[in-house]
Each structure stands twice: as C-alpha cells, then as structure tokens.
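Taking it in order: structure first as structure tokens, then the write-up.
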Amino acid sequence: MVTMSPSTARESGGRGQVLLVGALAIAFVIVGLAVLFNAVTYTGQTAMPEAGSSIDDANQFDFEARRGAREVVLRVNHAGVYGSPSSLARNVSANVSNYSAIMGAAYSSHGAAVNVSFENATSEYGRRIVQHEPRSFTNGGVGDWQLVDEAGEVGWFVVTVNGTDLAENPSNAFAINVTNDTGEYVEYRIHGKGGGVVNVTVNTSDGTGGLYQINTTRGHVVIDLLDGRSPMNRSMRMPSFRRLDGPYNVTFVRGGQARGLYSIVVPSADRVNGSIAACVSTPPCHGPAVWNVTVETRYESPTVDVSHNHSIPVYNSTS
C-alpha cells in the first residue's frame, strides 16, 4: 500500500488508472542497480560458521532491500501529482519507512535488526509530465504540440486511451511521434471503430512496424510505449522507440482525436515544453519524479554489522 499525504493525493477519476500504471512497472521494467558506494564493517569472528551464515543473510537482505526500495519509489512517483520535490520526498520517506518496518519484522526471526532509509539529499530528481484526468490529448486547445524537447533519456512513457473516442481512419487519427536528431522516428497512430478493440498503426524510419490490435478493458487500453507492450494483450510486442538513439523529441499530433491519460518521465526539467505548467492547476502539467534514489541499508546481528549506501536507478531508461 502506498501512503500519501493529503496535499498530494489529488487525483480523482483518473487516479485508479494511474495506480494501475504504477503497478505495471513491476512487470514491465527490468531492475537496474548502480552501486556508487559500499561501506562494509564486519564485527565478531567472521571465520566461524555462524558469522558466515549471517553474512549470507545480510547479502540477501541487501539485495531484497534494493529491489524493494526501487519498487516502492516507483509506485510513489506515479501514485500522485506533486507540486514540489519536498512533497514527493515526504511521501517517499514515509513509504520507505513503512517498507523498512516490514523488512524488520521479517528479519527479526533471523535474530537480526535491519533498516532501510531514504537519503533525499543525494537522490536525483527528474521530471514527470502527466495528464491525470481523462481529457483530450491537447495542450491549451492545441492538438499538435511537443511534450519533450531533446531529452537525453526517457524513463517511462505510458498512455491510457479511451477506446470509444477515436478516429476510425489512421490518416486523421491521434498520433504520438518520437524522433531524434538524425531523423529516425517511431510513430504510433491510435485509432478504431469501437467493438472493444483499439488499433495502433506503427510507422518507423527503418520500415518496420504494422497494425497492432489491443482489446479494451472497461472501455480503455493502457500502452507502454517505451517497451511496446500492453497488459490487455501480453503476447503483442510493438516496435519500441528504444531502438532510437537519443536525444528524443516527443510530439502529440491531432490530440483532439482521442481522450485519456498519459505519463512520461525524463531526467531533466529543462527538456519539458515550456508551455506546460507546474502541477498546481489543470493538466497537462509537470512535477518531480525521483530518477535515482539513494538508500542506506543496515543489517545487524550478533556476529555481523553491515551497512551500504546505494544509488539505484528508478527507471529502466532508454540509455
């Protein structure tokens, strides 16, 4: 369960779908861990069998703690709309503390005391552009507009599309274009004629692509553009824009031809379209997202005392 402070739990009708998107990350995103610094101290007779067993337990705890902390932060990033890094940090800290307490209860049976703590000062924040209420994919009434300008990486890009508000013909359908500076591109045209199916026509600069069909659930589809997948059709794999080298430009075309939600995360706020306001008013808006989280893990037993500082990528980005 993700704990939210009242000031940031502001998503209404679209929040359940955003939470669904957050849960999808565990299935879609491969865990990537970057260890920047390890401070390890052993006490007691480490040559004894009991100490060796404790070291194995400590290593197992550290692995679980890194993986679990990343998943917690990912869910918190996408569970609300945050107006400032400090409001996000409060929710991350509270949820990592809850996770630490659960780990502590589990490892107490091993005769060990464990702790996982969020280190905000050395964590790195990116930017999340989000539409958290179902509406057209326009910006101030403009249907053709750019979300991201030359972002070095993209860590997350998920759209939720209403299956009943689409153009039937792909030639005038809502499209999402991802391009780079060398002229390579991947274009997703989202269209349909009802009947519980959404069509995605994918065009690419290398000539691959085609027509992909996704069954709706409760009238909508969720598409992970970064990996080219949808939970509504797990056997389907569309071309992903991971094939492109960055930097990336992301543009919506004919945004009035569809309705839904979206969320895209990049590592730098200066790559967000300047017309997109901070998340204090109506969508689309942009707010902070933890890009790399720093956590300290601690394992203490009668024979071993081990602490680590880890910097963990929250997203399996395009880099």
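The values are calculated or read from the model by the stated rules, or taken from the named source; none is laboratory data. Worth saying up front: this structure is predicted, and the values here are computed from it rather than measured. Every residue, glycine as well, gets a Cβ built from its backbone with ideal geometry; the counts of neighbours run over all protein chains shown.
Checked against (1) at pLDDT 95 or above; (2) buried (at least 21 other Cβ atoms within 10 Å of the Cβ), His308 passes all but condition (2). The residue of the stretch 204-240 that is surrounded by the fewest Cβ atoms within 10 Å (Cβ to Cβ), among those that are among the hydroxyl-bearing types (Ser, Thr, Tyr) and under 21 Å from Thr164 (Cβ atoms), is Thr217. The residues on offer are Ala51, Ala101, Ala47, Ala34, and the sole one that is more than 30 Å from Arg218 (Cα to Cα), modelled with pLDDT of 90 or more and either assigned by TED's automatic domain parsing to the domain that holds Glu296 or out of contact with any Gly (no Cβ under 8 Å at 6 or more places or on another chain) (or both) is Ala101.
Looking only at residues of the stretch 107-128 that are out of contact with any helix residue (DSSP H, G or I) (no Cβ under 9 Å at 6 or more places or on another chain) and modelled with pLDDT under 95, we find that the one that is nearest to Glu300 (Cα to Cα) is Ser108.
Considering each residue of the stretch 139-169, count those that are at pLDDT 95 or above, more than 22 Å from the chain's Cα centre (by Cα) and under 30 Å from Val290 (Cβ atoms), and give that number. The number of residues fulfilling the criteria is 1.
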